[in-house]
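Encoded as structure tokens, the structure appears first; notes follow it.
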Amino acid sequence: QKEVEQDPGPLSVPEGAIVSLNCTYSNSAFQYFMWYRQYSRKGPELLMYTYSSGNKEDGRFTAQVDKSSKYISLFIRDSQPSDSATYLCAMSGSGGGADGLTFGKGTHLIIQP
Amino acid sequence: EAQVTQNPRYLITVTGKKLTVTCSQNMNHEYMSWYRQDPGLGLRQIYYSMNVEVTDKGDVPEGYKVSRKEKRNFPLILESPSPNQTSLYFCASAGVRFSGANVLTFGAGSRLTVL
């Protein structure tokens, strides 16, 4: 079964706030977890990547995976207006996505100056 | 600049008129894929290709064809477009694998409207 749930938003927060974006999934076979960012009229671009459970930090961004709860999160610290975009979670099984990633529907994030 | 290039970016056509959306990548990637993005449905894979002359169906292949005669090109063909194929289409390629997973580079998208 391929199913990923993601709140579509829009989520509107003031500049400088900490943002939490989340996805839940049902397929316990998922091993690879990614976050893509998509600006308006652009293709998605990879933001963060995590294998299995745990945390990963990259600058203002932190990705968390809790496989026991089938729950992944992306945190954005000190949010900026340039972070306004749609954020897509994506995941795949042990094949690494060769037969395709399963995407969430995306959360539209708005950072108010 | 490393990129995936799609054309056309915007197209309005009529039911039944064959069309091709081209996709080209300059990163020497073996893996290429087509997705469609629809409101409320998200990104869904149409077809993918692991290498030249190797293609496989994704989740929503009905009404589409692809070919992979060269490594850099992966065109999407709609033989007889219908209104339910109105969508935003993305081509993607992957060459880097982090711990075994494909990392996709997407094109800018092609918005197709079928009347």
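The values are calculated or read from the model by the stated rules, or taken from the named source; none is laboratory data. All of these numbers come straight from a predicted model, not from anything done at the bench. Neighbour counts are summed over all protein chains in view; Cβ atoms, including those assigned to glycine, are modelled from backbone coordinates with ideal geometry. Just the protein is used for accessible areas: all its heavy atoms, side chains included, with ligands, DNA and RNA removed. Shrake-Rupley method; radii C 1.70, N 1.55, O 1.52, S 1.80 Å.
Observations on the model:
- Close pairs from the range B:44-73: first within 14 Å of chain A (Cβ to nearest Cβ) and without any contact (Cβ under 8 Å) to a residue 24 or more places away in the chain, partner surrounded by 15 or more Cβ atoms within 10 Å (Cβ to Cβ) and hydrophobic (A, V, I, L, M, F, W, C), Cβ under 6 Å, at least 6 apart: B:Arg44/B:Val60; B:Thr55/B:Val66; B:Pro61/B:Ile46
Every residue, every condition in (1) under 10 Å from the mean Cα position of the chain (by Cα); (2) β-branched (Val, Ile, Thr); (3) open to solvent by 20 Å² or more (accessible area, probe 1.4 Å), yes or no:
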{"residue": "A:Ser12", "(1), (2), (3)": "no, no, yes"}
{"residue": "A:Glu15", "(1), (2), (3)": "no, no, yes"}
{"residue": "A:Ala29", "(1), (2), (3)": "no, no, yes"}
{"residue": "A:Phe33", "(1), (2), (3)": "yes, no, no"}
{"residue": "A:Tyr49", "(1), (2), (3)": "yes, no, no"}
{"residue": "A:Gln64", "(1), (2), (3)": "yes, no, yes"}
{"residue": "A:Ser73", "(1), (2), (3)": "yes, no, no"}
{"residue": "A:Ser84", "(1), (2), (3)": "no, no, yes"}
{"residue": "A:Met91", "(1), (2), (3)": "yes, no, no"}
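- Inter-residue pairs, beta-carbon under 6 Å, first at the interface with chain A (Cβ under 7 Å from one of its Cβ atoms) and at pLDDT 75 or above and in the range B:97-112, second part of a loop (DSSP other than H, G, I, E, B) and crowded, with 21+ Cβ neighbours inside 10 Å, 6+ apart: B:Phe106/A:Gly43; B:Phe106/A:Pro44; B:Gly107/A:Gly43; B:Ala108/A:Gly43; B:Gly109/A:Gly43
- Candidates in the range B:2-24 are the residues that are closer than 13 Å to B:Gly107 by Cβ and over 13 Å from the mean Cα position of the chain (by Cα); of these, the one that is modelled with the highest pLDDT is B:Gln3.
- Counting only residues that are closer than 20 Å to A:Arg37 by Cα, part of a loop (DSSP other than H, G, I, E, B) and among the aliphatic types (A, V, I, L, M), the range B:1-60 holds 2 of them.
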